[in-house]
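Each remark here refers to the structure printed beneath this line.
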Amino acid sequence: MGSKERIQRLKEENRINILNAAMQIVKDEGWQALSMRKIADIIEYTAPMIYEYFPNKEAILFELSTQGYRQLGKKMRQARDRYQDPVKQLEAMWLAYWDFAFEHRERYQLMFGVGMRTCMASEDCECEKIHTELVCEVIRRIMDDQQPSEELICQKYYTYWSVIHGLISINMVNKGLQDECEQRVLNQQILKDAIHGITRSLID
């Protein structure tokens, strides 16, 4: 490996270390505790060195959010590909979305602003549209005989999303009001009922 390749690999490793340190802080102390100084302390870098990779904390938030959208898109795509029936694909994708939210709670909070300010930079990120486009594609297939307008497909997508994101937010924000596992199981059943009900409206 040449010197240029080694330098590039080292830079990429440093970027990964910075992002991993940021997530460690967030999981231990919450998003409000994240700072460039704390990241520097964990990875034993100087603060100016971190600024060589990310100009500010917002840039780190943007990268973490972008990674999250890619992970979510991949998880939903894998769920879709397990089935041929578009109705089953739709349910599988939304259940995968639900699972992602709780497997990557802190990242989901950042991506969608649950209990905190969302990363504004993510509004310009093409990755944010991945899961939307995946769902809309399947909705379009289910409603194909009706020749739905793009506005109607978008409306149906947001009907799903508002219910699912709302249930996720209730679980996250109201943590501790009752047994968290029981609450999540209950809401997952509500989620399945809602998915079935909305899907029926696509077919009828």
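The values are calculated or read from the model by the stated rules, or taken from the named source; none is laboratory data. Everything numeric in this text was worked out from a predicted model, so none of it was measured. All Cβ positions, glycine included, derive from the backbone under ideal geometry; neighbour counts span all protein chains shown.
Worth pointing out:
- Members of the stretch 64-79 found to be in contact (Cβ under 8 Å) with a residue 40 or more places away in the chain and either surrounded by 19 or more Cβ atoms within 10 Å (Cβ to Cβ) or touching an Asp or Glu at 6+ places or on another chain (Cβ under 7 Å) (or both), listed by number: Leu64, Ser65, Gly68, Tyr69, Leu72, Gly73, Met76
- Against the conditions (1) modelled with pLDDT under 90; (2) polar (S, T, N, Q); (3) farther than 25 Å from Gln24 by Cα, Ser122 satisfies every one except (3).
- Every pair of residues 6+ apart whose Cβ atoms lie under 6 Å, when the first sits in the stretch 132-155 and is in contact (Cβ under 8 Å) with a residue 40 or more places away in the chain while the second is β-branched (Val, Ile, Thr) and crowded, with 17+ Cβ neighbours inside 10 Å: Ile139/Ile153
- Residues that are closer than 21 Å to Gly68 by Cα and of a type in the set (Lys, Arg) within the stretch 1-57 comprise Arg15, Lys27, Lys57, listed in sequence order.
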